[in-house]
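What follows is a set of notes on a single structure, which appears directly below.
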Amino acid sequence: QVQLVQSGGGLVQAGGSLNVSCEASGRTIGANAVGWFRQTPGNELKFVAAISYTGNPAYEESVKGRFTISRDNAKRSVYLQMNNLTPEDTAVYYCAARQGQFYYTPSMYTYWGQGTQVTVSA
């Protein structure tokens, strides 16, 4: 069993930066792929970024060049650094983990964090 605890996020002006973290407790996160998803009210979860257990990243097109996903297996943590934020990035961000390769589909993930609000003002 893996429990994911998120931290970070908050409120920032457009053009600013935020970082959200996802720390695993219980079993190690090292063998798990981790994805970040975001959700706005009334909408489905949408893929943002993912990282394989070997450290290979993938990004949704609109965040490429602005967001960076990274992991520190020794700290059982995955991070999402978000730069040059826009109001369209406002959402609740969730990390999720699964054994094996990452997927872009939320339903393929087993473990979920509690969600973190990211708000970008114009």
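Placing unit charges on each Cβ (+1 for Lys and Arg, -1 for Asp and Glu) gives the chain a dipole about its Cα centre, and among N43, G115, L85 the Cα reaching farthest toward its positive end belongs to G115. What the phi angles of the stretch 36-46 give under the Karplus curve with 6.51, -1.76 and 1.60, with θ = phi - 60°, is a coupling list of 10, 10, 9, 9, 10, x, x, 10, 7, 4, 10 Hz, glycine and proline written as x. Surface exposure of the chain, expressed per residue as accessible area with a 1.4 Å probe, stands at 50 Å².
For the chain, what proportion of DSSP beta bridges, expressed in % and rounded to the nearest 5, is antiparallel? Write out the running numbers ahead of the final one.
Working: 40 of 44 bridges.
Counting DSSP beta bridges with both partners in the chain, the antiparallel share is about 90 percent.
Note on the chain: GNM, Cα springs under 10 Å; of V48, V78, V63, the largest mean-square fluctuation is that of V63. Comparing L11, L85, L45 in a Gaussian network model of the chain, where Cα atoms under 10 Å apart are tied by springs, the biggest mean-square fluctuation is seen for L11.
The values are calculated or read from the model by the stated rules, or taken from the named source; none is laboratory data. Please read these numbers as outputs of a predicted model, since none were measured by experiment. A quick note on method: Cβ atoms are made from the backbone with ideal geometry, for glycine too, and the neighbour counts reach across all protein chains shown. Ligands, DNA and RNA are excluded from the accessible area calculation, which covers all protein heavy atoms including side chains. Shrake-Rupley method; radii C 1.70, N 1.55, O 1.52, S 1.80 Å.
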